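A quick write-up on the structure given underneath.
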Amino acid sequence: MRSNWNDAPGGFHPASAPDYLPREQLRAVQLQRLQATVKRAYEGQKLFRQRMDERKLTPAHVKRLEDVAQLPFMVKTDLRDTYPFGLFASPMEEVVRLHASSGTTGKPIVVAYTAADVEVWKEVMIRAFAACGVSRADVIQNAYGYGLFTGGLGAHYGAEALGATVIPISGGNTERQLMVMADFGVTVICSTPSYFLHLLERAKEAKLDFGRLRVGIFGAEPWSDAMRLRIQQESGIRAHDIYGLSEIIGPGVGSECHRQDGLHLFEDHFLPEIVDPQTGQVLPDGTEGELVLTTLSKQAMPMIRYRTRDVTSLNPEPCACGRTIRRIRRISRRSDDMFIIRGVNVFPSQVETALLQVEGTLPHYQIVLTREKGLDNMEVQVEVTPEIFSDKVRALEALHARLEDALEQVLGIRVMATLVEPRSLARSEGKAKRVIDNRKM
Ligand code: DLL
């Protein structure tokens, strides 16, 4: 018999206890963990130590939680510059898992976990599931991609540790997803919101309904309240937002509760700040800015003041659900030019890296994003050199194939490339406008 410890919305799972700590107690835990993390990073990460030394700081300078604001930032390019293992603070024998995510150019960024890190990851995922009213009685279809992406295994380990039944179906193969959902009595789905929209479209076409499905745990890309409304109305499920990023742990940095009014950050493991994206100055609660996160318990790869580039604000108001951990507003946009297509992060600079590898193309390109039947598409329009353009069709076709291969190699997804006439793409006077986002919602 399965117990019903959290069948009620917002029900309590034992692992969720830190969500309800009195603020002062939480701050004491945070300070103690911050001090230990800064010490670990100082001793184990050359780059962090150098930056601390330049500022004449040592771990002993962190006496209060607010002292975090004196510490140097970490940014995505730091992971690129130390690729692959330069930020590991644990010896390789203690690292049990590696994941990777898009970098800004040709190489991905690599992140590492010790066994203890995996335990923390499971714990925050249990807390995220419980906050969305998911319990061990649920059957979870995990349609996040398995592999180097953190979504698949992150949700999998959490769901299994929760005691739920996990179906590790991974992304793609829509017909099979719909069949499994109906035949296996699925009650919860984990996927990107755009992929769920696609499932919704296909189910409608095939005149299928979603059977016992009642909850969706959607994240890994921005989505709006309008999209939530549409999903909930058309499918009859409750759609929850979950947030995370590889550099910090993966999914499970924060999650909505059943109130659906902002994402609770698991603050005992991740210390949030909001800064001005231009100046890096810390902004007061309630002000919109860039989210900066410091890991408080990560061993293999501690991150001090990591600039997520995600734009949001911190809400210190107590939530009606009773959790004392603060909430962030849903991520509205990024402060850099990264966009997310089918759950994969893409930087225009990666596209450039790919184009540079293919002779016969010019540095003029444009990225067009569209959404068709809930599925995101990305097209890269590339001007070709006049010599190539006047040449035979065969040369063009070969170039086209080389281009799509190079893009796939760098981005990790197959996208459409279109060769266009020389001088046909608009030139802008200031910063080039590379991304044209025609997706709706
Ligand atoms: O997307 C981890 C994840 C997997 C989160 C599954 C949620 C569910 P990355 O591939 O490193 O990790 O991408 C991280 O994706 O900095 C945001 O820009 C964006 N992102 C993630 N979740 C959300 C969300 C995973 N709920 C980057 N809303 C982040 C908006 C999100 N953007």
Selected residue (only one of Thr192, Thr105 is within 20 Å of Gly343 (Cα to Cα), assigned by TED's automatic domain parsing to the domain that holds Gly244 and within 12 Å of the ligand (Cβ to nearest atom)): Thr192
Tally, over the stretch 161-189, of residues that are within 16 Å of the ligand (Cβ to nearest atom), touching a strand residue (DSSP E or B) at 6+ places or on another chain (Cβ under 8 Å) and not β-branched (Val, Ile, Thr): 3
Any hit, the stretch 146-165, residues being modelled with pLDDT of 95 or more, within 30 Å of Asp19 (Cα to Cα), polar (S, T, N, Q) and under 16 Å from the mean Cα position of the chain (by Cα): yes
Members of the stretch 244-301 found to be among the charged types (D, E, K, R), within 15 Å of the ligand (Cβ to nearest atom) and either more than 17 Å from Ile331 (Cβ to Cβ) or part of a strand (DSSP E or B) (or both), listed by number: Glu256, Glu290, Lys298
Close pairs (6 angstrom Cβ cut-off, 6 or more residues apart or separate chains): in the same structural domain as Leu98 (by TED's automatic domain parsing) in the stretch 76-88, modelled with pLDDT under 95 anywhere: Arg80/Gly103; Tyr83/Lys107
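The values are calculated or read from the model by the stated rules, or taken from the named source; none is laboratory data. None of the values given here were measured: they were computed from a predicted structure. Ideal geometry is used to build each Cβ from the backbone, glycine not excepted, and the neighbour counts take in all protein chains shown.
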